[in-house]
Every structure is written in structure tokens, then in C-alpha cells.
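The values are calculated or read from the model by the stated rules, or taken from the named source; none is laboratory data. Quick caveat: nothing in here was measured; it's all calculated off a predicted structure. So basically every Cβ, Gly included, is an ideal-geometry build from the backbone, and we count neighbours across all protein chains shown.
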Amino acid sequence: MNAYNKAVQSAKEKKNNSRSIRSLVMLVLAVCLVGMLAGCGSPAADSNQAAEAGKDQAAAAQPVSAVGSEQTVTDEQGHQLQIPAAPQRVFAPYLEDSLLTLGVTPVAQWSSGQEGQPYLEDQLKDVPKLDFSSGLPSPELVMNYKPDLIILHTSHYAEKGVYESYSKIAPVYVFNNASGDPEKSLQTIAGLLGKQQQAEQAIQQYKAKLADAKAKIQSVTEAGKKAAIIRFAPRGVTLMSPDYFSGYVVYKQLGLGQPGLVQQKSTAMIATESLADIDADYIFTVDVSSRGTNSMQEMTSSEVWKSMPAVRAGHVYEADSSYWLGSGLIAFGKVIDDVVAAVGQ
């Protein structure tokens, strides 16, 4: 090989060697870069990863519902009690309407004999009945249903040692009169059960229904028309006041006038001879007399009854006692429908 050829060959070898070295350097740099990216994350990423890991560990250590957690509340009678943060087994006789409104099924339901509250029957058909016709059920009977919270809708239910005996079974919350302001009572019950959102939604729906009804009977209320709610019961005949059950809806919410005999703080007892004094344009009769007397038949067949202006005008309506004597927004919604159908124009 001459000198020229040797020089060319040498140049080719150097060029190839240079390429090989350059390729090797690039490979090494690539490997290092991959390693740096894998091993050297940003501080923010590291912080997020650590936080997520901490959350996972905390979630693994924290149960779904904290066992033993409680809330301390004071009822309307001034009793301070500690109840579970989210009670699961609730006994609230005559407040089943409010429980169902909140999506809660009680462990047992109020009944008089074997009759519960017919307007709630479909939703309570599988719930055991406890008879209140002779007074509150014994503590031993209530204990069988293992409630973790008992709610009494009136202070009368807590009398004669009932509060003390029931308190040995579970925490007992006592209302002075839950039917006096059902919206407020619903919110209270929702607070006890952790169902505030459900209560707010139900109240807004009820307010919309009430506003619509008031618009439909506006001409009647503006004319000052009065309504009497006459309750025929074994213990006597009474005029419903604005402080209880359907009286609250008819007078305080819908705005119909009260007869002169209706007293603001107590239910007015009436006799047949007093019927002529009832200055009402509309009469709603609520009959529970089948439980022991025929007072309704006797009174409505009297000449005094037949002479009443509302009777002569054909403005007498037989109401369903199961919800006209009910306590809750479900019952009150049905009362609204009845009143609008009767007096709406």
C-alpha cells in the first residue's frame, strides 16, 4: 500500500473512532438523564406524593364512622343528653311523619290499638306497632326494639316517671309540643339525626306548596272568612286551636279566621247548646268518636246543628282524622289539599 492509501485508511479509522466515542458519550448522557428524571422529582411532586401516601395511611387507620362519637344536646325540657353522632335505631312515637320525611324508618311506630296512622301505612307496613291507647308502652316493651335514641313529641309523654324509665334504655329528647311548629321540629330532629340537608329540601318544597295554596284561597282569606275544626272524641267535643295539628295549618299558615270560641292557648270544649255560638263560614269535622261514643251522630242530628249558617250553606266537610290529627309535613300537605278543595274558588 502506498503512502496515499495509508493516509486515507488512517483518516477513515479516526473518523469511525470519533463517531463511536461520540455515540458512547451520547448514550451515557441519555442514561444519566433518565436516572435523574426517575430519581430526582420536583419538590412539589414529592410533597404531593407524600401527602397522598399520608391520606391513604390515615384512611386505612380511620374507620368509616367513628365508634363512640357523640353529640351533646339540650332538649326543650332542659334535659342535657349525649346521643350518637348518627343514631341508627330511632323510636319517635307520633313523629313517624317527620322521620319518613327525612328518609328514616323507625324501629317501632305509634298506634291506638291495632290502628296506626293510615296515611303513612304504605311506608310503615313492616314496622311493628306499639299500642298507646292505654298510655305509653312499658320500658320493657320499648327495650325489645333496642333504640339508640328516643324522641317524645310532647312533654305529656315524659310525665309520670316515663322520662326517667325510658332514659335507662336510650337517650331521650323531649319536645314541649312538636306539633306546634312542625317545620322547626323537623329541623330539630334533622339535627339529632344528621339529616339537615334532607330537612331543608323538604321544608322548601312544603313552602312552595303552601304559597300556591294561599294564592288559590286568597279571596276567601281576604274576605275574613272563618273556619271551625270540630273534633268529635270519646272524651268530648272540642274546637281545634291554632296550636295543634291541622289547626296550625288552617289558622296560622293558610290564614283562615278563627271562630270566637277558639281560644289561643287551649282547645275549646263545646256542648250541643254551644253550637249556635260558633261563628264559622266553613266547618271541618274530625271524627274519632267511633272509639267509644256516638257524639258526632248525636250532635249533627240536632236542630241546633242544622240551624248553623255553615251547615245551611252546605259548607261542612268531613276530614280524615289520621292526618288532620297528624304531626308533620306529609300530613300538613294533605290538610292543605283538603282546604283548597273545600274553600278554593
Specify the residue that is farthest from the chain's Cα centre (by Cα); the eligible residues are those in the stretch 103-117 that are surrounded by fewer than 16 Cβ atoms within 10 Å (Cβ to Cβ) and at pLDDT 95 or above. 105
Find the residue count for the stretch 120-142, including only residues that are within 22 Å of the chain's Cα centre (by Cα), surrounded by fewer than 20 Cβ atoms within 10 Å (Cβ to Cβ), in a helix (DSSP H, G or I) and in contact (Cβ under 8 Å) with a residue 12 or more places away in the chain. 1
Exactly one of 190, 108, 158, 178 is closer than 16 Å to residue 326 by Cα and among the aliphatic types (A, V, I, L, M), and that one is 178
List pairs: first in the stretch 245-257 and in contact (Cβ under 8 Å) with a residue 60 or more places away in the chain, second among the basic types (Lys, Arg) and surrounded by fewer than 24 Cβ atoms within 10 Å (Cβ to Cβ), Cβ under 7 Å, 6+ apart or cross-chain? 254/214; 256/225; 256/226
Against the definition (part of a helix (DSSP H, G or I) and aromatic (Phe, Trp, Tyr)), how does residue 145 come out, yes or no? no
Between a first residue in the stretch 78-94 that is basic (Lys, Arg) and a second residue that is modelled with pLDDT of 95 or more and loosely packed, with under 13 Cβ neighbours inside 10 Å, which pairs have beta carbons less than 8 Å apart while being 6 or more apart in sequence or on different chains? 89/146
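Going by the structure shown, is residue 247 in a loop (DSSP other than H, G, I, E, B) and among the small types (Gly, Ala, Ser)?
Details: in a loop (DSSP other than H, G, I, E, B): no; among the small types (Gly, Ala, Ser): yes.
No.
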In the stretch 249-265, is there at least one residue being modelled with pLDDT of 85 or more, closer than 29 Å to residue 176 by Cβ and β-branched (Val, Ile, Thr)? yes
Among the numbered conditions (1) part of a loop (DSSP other than H, G, I, E, B); (2) more than 18 Å from residue 326 (Cβ to Cβ); (3) within 18 Å of the chain's Cα centre (by Cα), tell me where residue 83 comes up short. (1)
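Could you tell me whether any residue of the stretch 275-291 is among the hydroxyl-bearing types (Ser, Thr, Tyr) and part of a loop (DSSP other than H, G, I, E, B)? Spell out how you get there, then give the answer.
To start, the set of residues in the stretch 275-291 that are among the hydroxyl-bearing types (Ser, Thr, Tyr) comprises 282, 285, 289-290.
Right, trim to part of a loop (DSSP other than H, G, I, E, B) and you get none.
The answer is no, given that none of the residues of the stretch 275-291 is among the hydroxyl-bearing types (Ser, Thr, Tyr) and part of a loop (DSSP other than H, G, I, E, B).
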Filter the stretch 266-297 down to the residues that are at pLDDT 85 or above and touching a Pro at 6+ places or on another chain (Cβ under 6 Å) and list them by number. 278, 279, 280
Of everything in the stretch 100-115, what is assigned to a loop (DSSP other than H, G, I, E, B) and more than 24 Å from residue 187 (Cα to Cα)? Give them in sequence order. 113, 114
Name the one entry in 278, 283 that is touching a helix residue (DSSP H, G or I) at 6+ places or on another chain (Cβ under 9 Å), within 30 Å of residue 113 (Cα to Cα), in contact (Cβ under 8 Å) with a residue 40 or more places away in the chain and in the same structural domain as residue 223 (by TED's automatic domain parsing). 283
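Could we say that residue 235 is at pLDDT below 95, on the phi < 0 side of the Ramachandran plot, surrounded by fewer than 19 Cβ atoms within 10 Å (Cβ to Cβ) and charged (D, E, K, R) here?
On the way: at pLDDT below 95: yes; on the phi < 0 side of the Ramachandran plot: yes; surrounded by fewer than 19 Cβ atoms within 10 Å (Cβ to Cβ): yes; charged (D, E, K, R): yes.
For residue 235, the condition - at pLDDT below 95, on the phi < 0 side of the Ramachandran plot, surrounded by fewer than 19 Cβ atoms within 10 Å (Cβ to Cβ) and charged (D, E, K, R) - is met.
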